[in-house]
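Q: Have a look at this one.
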């Protein structure tokens, strides 16, 4: 956020509050003449009256008042135009390098019964942008749907987000490749985590990645399959977004974070209250707004920070007592509250509420003094063989106590290793159970599924498989009539062998047309794989995307999985390992803004 822009927003917010208190309407006479020009004398008198209250130069206050008046007049004209012609006025929040003058607002007039794609095309053409998408209140507008169907109204603020970072001077082929690459990024992320979400941990733990949802102590959580898939996809998009944030690609990061937000919306509230991922996501989205200078999306930013705070309170406890009980300390998570209070302070300042901004900033400074890394202590811990991350998190967990931090890190290392060993042993035991069931003639997929339903109990899984096998056999016996002499004769007449004809009819439930197609697809000879009946599952049971699958991955799937796993942080507490460099810069800026203002306005 540009300093002058923030200061201007702060001043305008304060003036609007004063005008509201005195019920002054700048768009009406005597402040606006009939030709919609300012009433100079009355505007000057107003500026001279307000300037001492705000302890600012009259010229500066006068300029801000005129800006407010001009916006109000434009809004009034927009309302009249909308009533008479149904043409709405939208405010566009353009990328910073696309603004000719950062102090001038950008508007677009359009009907609301047109598709978002038409607006995208107009914005791209009028502002020389390529590969953009539109964001309204933190949601991407679907290109093919109408604006009014997606909540766009007269005077809505629409954020224009660049999807491609390709330079305009690059060759067209390079730009097209960049655009395709970024468009595919979200799709590839979704598909990669979709594959991972459907794995059930029955594959070799040494060769096949597997994701499991765990609580704050690392213990697996039992979650319904549909919610588990949504949560894994949400976490996957979030990790990708965080990786892009680290590389300062905030526009592309925001695209992924908003996708994560959509997936989280499919999870139940009980699940979201047991993990802090959702709250951290809300913080990251607003942090991206800040980086993209889009904090004029105040309503969405404010509501997201409130959701984050509510989620932290549910997850950690009012006094972080739940977190203390689970982890034994609260120091590491306090960086999240530091960022939360800092963003709240920033929004309060932009809204003109300096006293609230100061209150939040005082909380931030207190936390920052306690959480900023002590370089000497960090060096001592790293000399003992601990990593920079371990040293930073350990000191925060132990409130800066060097000796306690060393003990804490060692204990934490041991706990992590024990948890990994338990998980590996659990998966090896599961693989052994699957192998045992496979030796009895059941397929790997069906054995894995039966174990899943039997909570890992081999005997119960065997009973499930046996019952399913008997049901399948009974069903097969009942459908033997499907291969009736008349139907077999029809296939023989078409030139197929009797054995193949009978087998095809059995496989297709007696449907002559389907049996014919099956034989044609296999040149009249059915392979042993097709002829082998399913040995376990009930004939009414079909694999679905909601059930675990242990089928081997294709080379393409493996490549996708490897790609998305690269963006998963190697350490489960990476999201807590903030160096606080960016936060420090924003704290310094906020102190300048607030300390140059009077203590009481």
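The values are calculated or read from the model by the stated rules, or taken from the named source; none is laboratory data. Just so it is clear, the model here is predicted, and its values are computed rather than measured. When we count neighbours, we look across all protein chains shown, and the Cβ atoms used for this are built from the backbone with ideal geometry, even at glycine.
Q: Taking the condition under 20 Å from residue 302 (Cα atoms), at pLDDT below 80 and touching a helix residue (DSSP H, G or I) at 6+ places or on another chain (Cβ under 7 Å), does residue 257 pass?
A: Judged against the criteria, residue 257 is not a match.
Q: Here is a further query. Can you name the residue in segment 122-150 that is under 22 Å from residue 78 (Cα atoms) and more than 21 Å from the chain's Cα centre (by Cα) and is also surrounded by the fewest Cβ atoms within 10 Å (Cβ to Cβ) among such residues?
A: 126
A quick yes/no check of all residues on (1) in the same structural domain as residue 5 (by TED's automatic domain parsing); (2) crowded, with 18+ Cβ neighbours inside 10 Å; (3) under 30 Å from residue 12 (Cβ atoms):
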residue: 353; (1), (2), (3): no, yes, yes
residue: 363; (1), (2), (3): no, no, yes
residue: 382; (1), (2), (3): no, no, no
residue: 386; (1), (2), (3): no, yes, no
residue: 394; (1), (2), (3): no, yes, no
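Q: Going through segment 132-149 one residue at a time, which ones are in contact with a strand residue (DSSP E or B) (Cβ under 8 Å, 6 or more places away or on another chain), within 24 Å of residue 105 (Cβ to Cβ) and outside any strand (DSSP E or B)?
A: Correct list: 141, 147.
Q: Which one is modelled with the lowest pLDDT among residues in segment 292-305 that are part of a helix (DSSP H, G or I) and under 18 Å from residue 140 (Cβ atoms)?
A: 299
Q: Are any residues in segment 414-449 touching a helix residue (DSSP H, G or I) at 6+ places or on another chain (Cβ under 8 Å), in a helix (DSSP H, G or I) and surrounded by 17 or more Cβ atoms within 10 Å (Cβ to Cβ), and if so, which ones?
A: 430, 433, 434, 437, 444, 446, 447, 448
Q: Please go through segment 450-474 and give me each residue that is over 25 Å from residue 509 (Cα atoms), modelled with pLDDT of 80 or more and crowded, with 17+ Cβ neighbours inside 10 Å, ordered by number.
A: Selection gives 450, 451, 454, 458, 461, 462.
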